[in-house]
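To start, the structure itself, in structure tokens.
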Amino acid sequence: MPQITREVVWLKPGQIAERAGVSVPTLHYYESRGLIASRRTSGNRREYRRDTLRMIAFIRTAQRVGVSLEEIKDALAELPDRRIPTKRDWARISRRWHDRLTERIEELTALRDRFSDCIGCGCLSLKSCPYSNPDDVLGQGGAGARRFPGFGS
């Protein structure tokens, strides 16, 4: 952890949660996963650095586009002194995730365009599946949506 100066602004969990748009248990969960850090006061209460707000924004943005918490943690572990990601860091990290995100966008577009007909679940709908899933070949791959793996069970 980088050296902390006295000028650092510390916020209570409720303050961080409210400003970040998450719940206090979410903060604790992120902390338990090693994504953010807090300090303990003399009364054993948590406090978070104000710049934790940027870290949470980074985490939530990555999650919204389908990046797992484990992948986020791995990316953050590469930052020197586990510092808050800068614009340059975000650009580097997002380049690494670019191809996977493009694939995810293509999956979502296909799902949107076919959602009213079939979601690729292997349901053997009399209207759709004889054409898009003959002989229920998708059902052989397991339960859940087979055409869109991120949406399966």
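List the GluC sites (Glu not before Pro) within region 1-72 that fall in a DSSP loop (any state other than H, G, I, E or B) and whose Cβ has at most 10 other Cβ atoms within 10 Å. For GluC sites (Glu not before Pro) across region 1-72 that sit outside H, G, I, E and B with at most 10 neighbouring Cβ atoms in 10 Å, the list reads E7. Using R0 = 30 Å, the C-beta based FRET efficiency linking K87 and V24 works out to 0.55. Translational diffusion coefficient of region 4-102 at 25 °C, 0.890 mPa s, Stokes-Einstein with Kirkwood Rh over Cα pairs, in µm²/s as a whole number. Rounded, D is 173 µm²/s. Counting protein heavy atoms only, region 14-122 has 49 percent of its accessible area on carbon and sulfur, 1.4 angstrom probe. Going by accessible surface with a 1.4 Å probe and the largest first, R64, R92 read R64, R92.
Note on Q15 and D99: with the Förster distance fixed at 35 Å, the Cβ-Cβ geometry gives a FRET efficiency of about 0.40.
The values are calculated or read from the model by the stated rules, or taken from the named source; none is laboratory data. Please read all numbers here as calculations on a predicted model, not as lab measurements. Please note: Cβ atoms are built from the backbone with ideal geometry, for glycine as well, and neighbour counts cover all protein chains shown. Just so you know, the surface numbers come from the protein's heavy atoms only, side chains and all, with ligands and any DNA or RNA stripped out. Shrake-Rupley method; radii C 1.70, N 1.55, O 1.52, S 1.80 Å.
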